[in-house]
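This report concerns only the one structure given below.
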Amino acid sequence: MKKFDILTPIGILIGISTLLFAVFTNAGMGSVVFFIQLASFLIVFGGIAAALLINFSSQEMKALPKVTHEVFRYENHNLNQLIETFVNLSTKARREGLLALEASLDDVEDRFIRKGVLLAVDGIEPDIIKDIMMAEIVAMEERHKKGRLIFEKAGEYAPAWGMVGTLVGLILMLQELEDPALGPNMALALITTLYGTILANLIFLPISSKLEQKTDDEVFVKQIVIEGVIGVQSGQNPKILEEKLSAFVRESGREEELEETEELANEA
């Protein structure tokens with residue numbers, strides 16, 4: 001079950017607040033207001049949007065709201081419960097046969113687990129089951145990669161469009177070279193570079209990295225599922241299967257990482 005990931009908005013808020021507070025303590029509220037420039041926003045955001053529209057197809061851009069929504073959600077992967085599920089399935093398969101597992105799937109919400117167990121019930125060879133399920137993982141990784149790539153590219157374009165805004169400001173400033181107010185004009189020109197850098201390093205690139213981590217976690221869990229399905233179909237002893245899956249979790253070190261992330265999100 002996916003829940004709201006409060007760490008993402010908190011991180012963004014802390015980053016922006018830290019910057020504004022630093023400006024405020026150094027130069028007062030007037031300087032903070034000066035950093036809010038509509039023209040700079042239009043150049044940077046408009047440029048990034050235009051570049052993304054050129055770079056990606058309409059279908060990929062339509063998926064952007066859904067991908068963005070995933071940034072603010074996290075899935076509670078209870079690995080111990082996952083292992084227990086396969087131990088129970090293995091126990092029932094050894095007692096009543098593989099065909100009896102189909103009725104047990106009513107309590108299993110995970111579509112990937114259901115698919116794997118149904119393939120096992122249908123008598124598909126273990127190697128073929130593994131190939132089918134791995135193909136689904138590869139397709140998922142590719143789908144996630146396309147969504148993540150939009151944020152990666154936005155992170156690349158943001159500083160460049162910030163520099164474009166700065167160049168525009170410098171050109172306009174040079175037209176009035178005899179004007180004594182070059183300092184304020186120069187500061188205004190540099191704000192677009194600041195916007196581009198902040199967007200790249202506080203928003204787009206961290207979001208891309210977070211999406212990549214979410215994909216890695218999901219792939220990891222699905223690999224455990226595959227091992228569990230193969231173990232159930234081959235009739236492994238439930239105790240042996242439990243030990244095998246538990247070792248798989250311990251050796252990866254992911255269980256502790258996922259639990260720490262969940263604890264931080266819940267505490268926040």
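The values are calculated or read from the model by the stated rules, or taken from the named source; none is laboratory data. Quick caveat, the model's predicted, so the values are computed rather than measured. So basically every Cβ, Gly included, is an ideal-geometry build from the backbone, and we count neighbours across all protein chains shown. Only protein heavy atoms, including side chains, enter the accessible area calculation; ligands, DNA and RNA are left aside. Shrake-Rupley method; radii C 1.70, N 1.55, O 1.52, S 1.80 Å.
Quick notes on this one:
- Scanning segment 205-252 for residues that are farther than 20 Å from Met134 by Cβ and surrounded by fewer than 18 Cβ atoms within 10 Å (Cβ to Cβ) gives Leu205, Ser209, Gln213, Gly235, Asn237, Lys239, Ile240, Glu243, Ser246, Ala247, Arg250.
- Yes/no for Val44 being part of a helix (DSSP H, G or I), within 30 Å of Leu170 (Cα to Cα) and touching a Phe, Trp or Tyr at 6+ places or on another chain (Cβ under 6 Å): yes
- The condition (being out of contact with any Pro (no Cβ under 7 Å at 6 or more places or on another chain), over 30 Å from Gly162 (Cβ atoms) and charged (D, E, K, R)) is satisfied by just one residue among Glu60, Glu109: Glu109.
- Selection of first residues in segment 7-35 that are farther than 16 Å from Leu194 by Cβ and of second residues that are loosely packed, with under 11 Cβ neighbours inside 10 Å and not charged (D, E, K, R), restricted to Cβ pairs under 9 Å at least 6 apart or on distinct chains, gives the following pairs, ordered by first then second residue: Leu7/Ala268; Ile10/Ala268.
- Flag if Val23 is more than 21 Å from Phe204 (Cβ to Cβ) and open to solvent by 50 Å² or more (accessible area, probe 1.4 Å): no
- Residue match in segment 28-35 (condition: modelled with pLDDT under 85, open to solvent by less than 40 Å² (accessible area, probe 1.4 Å) and in contact with a strand residue (DSSP E or B) (Cβ under 9 Å, 6 or more places away or on another chain)): no
- Sub-6 Å Cβ pairs linking a first residue in segment 46-72 that is within 24 Å of Lys214 (Cα to Cα) to a second residue that is in a loop (DSSP other than H, G, I, E, B), at least 6 apart or interchain, are Phe72/Asp5, ordered by first then second residue.
- Taking the criterion of being among the polar types (S, T, N, Q) and either open to solvent by 50 Å² or more (accessible area, probe 1.4 Å) or more than 15 Å from Ile191 (Cβ to Cβ) (or both), no residue of segment 36-46 qualifies.
- Listed by position, the helices (runs of 4 or more DSSP H) enclosed by segment 47-158 that each have at least 3 residues that are surrounded by 18 or more Cβ atoms within 10 Å (Cβ to Cβ) and hydrophobic (A, V, I, L, M, F, W, C) are 79-96, 111-121.
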